[in-house]
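See below for the structure under consideration.
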Amino acid sequence: MRMLRFIRSVQLLAGGSEQPKDILISSRIEAIEESESLSLGHSAEVINGEELIALPGFIDSHVHITGGGGEGGFKTRTPEIMLTDLTRAGITTVIGTLGTDGTTRTMSNLIAKCYGLREEGISAWCYTGNYHLPVRTTTGSVTDDIILIDPIIGTGEIALSDHRSSQPTREALAALAAEARVGGILSAKAGVVNVHMGDGPRMLDYLRWIATETEIPKTQFIPTHINRNQELLKDGITWAKEGGLIDFTTSSVPLFIEEGEEPAALALAHALEAGVPAERVSFTSDGNGSLPQFNADGQLTGLSVGSPSSLYAAVREAVLSHKVPLAEAIKAITSTPAENLKLSRKGKIAPGMDADLVLIRKDDLSIHSVIAGGEIMVNNGTPLITSTFE
Ligand code: ZN
């Protein structure tokens, strides 16, 4: 049995009580009690939580874990992610995705990377496919991929309203959503379609058409990069108020902001102000994806790489700079993605849930320690567990 650990006198956000709690963990959360009331097992390691707040382990549901990009030729293919890129950022659950490139980046590689990250101690799943329709699957069918391949929980990222999209028809997109939905239903997985939204003027029109003309619910789609320009953000807020889900990308570069992208933290504050329930907004980092800059003619003019550390940084910025309560802001990277992706043992601190925890400092909300599956991955900023080749 995994070693018992005991986090003593730590602040929790949920539950209404301001009293610190003691949390007993193995690979799961075993018990949460009023501080000082849990009796210590002899073999339990004690972590002093007095200056800390315990948050659920962060979920980053859009990361190019095997690398992405290549939009400026082969030398611009971005590198594979390393375990500590995620754990240092508090991420204990990651959803991997391919992107523009479905030729030199393959599903078998993505699935293997998920298994590798699991062996290293965190939780990992992925989407089948990349930007383009028809989806290049593993088994020959999106439905079968979701049902039969453990790490696959949906399809994506499918590009819409973008010059790099395969320009699918609304009907083809509806058929894909149907395949994913049936796969999800039969395997008790989410079966969602993660949609990459580009800068194009069609914005969320195709998703609205599908939600109106077919029986597929709005929540079958998780459109991302919704904060990439003001028009799309406005359309996304309307979509979310109508019952849809929206996702904001936290990685950015100054030029994108200059050109009208709204930082995820501010976009969250605006969405909540506009009446969008916090439960419909998630954040993802687009980690290790390329952040290509194109001119008006679609020619590549610059390139940088997304970072998982932007995920919690955006939550912290929403709290410290835009006055969003921490208990609301944190949902975007914990309970909301857990709910959207049907990750039933993730996103909450409660007995029976996986022991995935991030301990942050009360004074400045910075990350102190990160626990995944009951193991301490990062202690006081220092990674204790690293990838094989780190
Ligand atoms: Zn994308």
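The values are calculated or read from the model by the stated rules, or taken from the named source; none is laboratory data. Bear in mind the structure is a predicted one, so any value in this text is a computation, not a measurement. Virtual Cβ from ideal backbone geometry, glycine too; neighbours counted across all protein chains shown.
Just one of the numbered conditions (1) out of contact with any strand residue (DSSP E or B) (no Cβ under 7 Å at 6 or more places or on another chain); (2) farther than 15 Å from residue 224 by Cβ; (3) at pLDDT 95 or above is not true of residue 262; which one?
Looking at each condition in turn, residue 262 falls short on (2).
For the stretch 85-131, which residues satisfy the criterion of being among the basic types (Lys, Arg), part of a loop (DSSP other than H, G, I, E, B) and under 19 Å from residue 386 (Cβ atoms)?
Step one: of the stretch 85-131, the residues among the basic types (Lys, Arg) are 88, 105, 113, 118.
After this cut, where a residue has to be part of a loop (DSSP other than H, G, I, E, B) as well, the list is 88, 105.
The one that is among the basic types (Lys, Arg), part of a loop (DSSP other than H, G, I, E, B) and under 19 Å from residue 386 (Cβ atoms): 88.
Among the strands (runs of 3 or more DSSP E) confined wholly to the stretch 185-271, which include 2 or more residues that are within 16 Å of the ligand (Cβ to nearest atom) and more than 16 Å from residue 332 (Cβ to Cβ)?
On the way: elements: 192-197, 221-224, 246-249.
Filter on the stretch 185-271 gives 192-197.
Residue 162 passes all but one of (1) in a helix (DSSP H, G or I); (2) touching a strand residue (DSSP E or B) at 6+ places or on another chain (Cβ under 8 Å); which number fails?
(1)
Out of 298, 302, I need the residue that is under 22 Å from residue 76 (Cβ atoms), more than 21 Å from the chain's Cα centre (by Cα) and outside any loop (DSSP other than H, G, I, E, B). Which one? Spell out the reasoning first.
Details: 298 fails: outside any loop (DSSP other than H, G, I, E, B).
Within the list 298, 302, the selection yields 302.
Which pairs do you get when a residue that is among the charged types (D, E, K, R), found in the stretch 35-49, comes within reach of a residue that is modelled with pLDDT of 70 or more, reach meaning Cβ atoms under 8 angstrom, with the pair 6+ apart or on two chains?
Partner pairs satisfying both residue conditions: 36/9; 36/22; 45/3; 45/4; 45/5; 45/6.
Is it the case that the stretch 191-199 has a residue that's more than 22 Å from the chain's Cα centre (by Cα), closer than 20 Å to residue 100 by Cα and either surrounded by fewer than 16 Cβ atoms within 10 Å (Cβ to Cβ) or touching a residue at least 60 places away in the same chain (Cβ under 8 Å) (or both)? Explain how you work it out, then say what you get.
Taking the stretch 191-199 first, the residues more than 22 Å from the chain's Cα centre (by Cα) are none.
Checking the stretch 191-199: not a single residue is more than 22 Å from the chain's Cα centre (by Cα), closer than 20 Å to residue 100 by Cα and either surrounded by fewer than 16 Cβ atoms within 10 Å (Cβ to Cβ) or touching a residue at least 60 places away in the same chain (Cβ under 8 Å) (or both).
Residues that are without any contact (Cβ under 8 Å) to a residue 40 or more places away in the chain, more than 16 Å from the ligand (Cβ to nearest atom) and over 17 Å from the mean Cα position of the chain (by Cα): does the stretch 118-132 have at least one?
Filtering the stretch 118-132 for residues without any contact (Cβ under 8 Å) to a residue 40 or more places away in the chain gives 118-119, 128-130, 132.
After this cut, where a residue has to be more than 16 Å from the ligand (Cβ to nearest atom) as well, the list is 118-119.
Subsequent filtering for residues that are over 17 Å from the mean Cα position of the chain (by Cα) retains 119.
Yes, some residue in the stretch 118-132 is without any contact (Cβ under 8 Å) to a residue 40 or more places away in the chain, more than 16 Å from the ligand (Cβ to nearest atom) and over 17 Å from the mean Cα position of the chain (by Cα).
In the set 290, 335, 307, 282, which member is more than 16 Å from the ligand (Cβ to nearest atom), of a type in the set (Ser, Thr, Tyr) and within 17 Å of the chain's Cα centre (by Cα)?
Details: 290 fails: more than 16 Å from the ligand (Cβ to nearest atom); 307 fails: more than 16 Å from the ligand (Cβ to nearest atom); 282 fails: more than 16 Å from the ligand (Cβ to nearest atom).
From the options 290, 335, 307, 282, the qualifying one is 335.
From the list 30, 50, 18, which residue is modelled with pLDDT of 95 or more, surrounded by fewer than 22 Cβ atoms within 10 Å (Cβ to Cβ) and at negative phi? Break it down stepwise before answering.
Numbers: 50 fails: modelled with pLDDT of 95 or more; 18 fails: modelled with pLDDT of 95 or more.
Sole residue among the options that is modelled with pLDDT of 95 or more, surrounded by fewer than 22 Cβ atoms within 10 Å (Cβ to Cβ) and at negative phi: 30.
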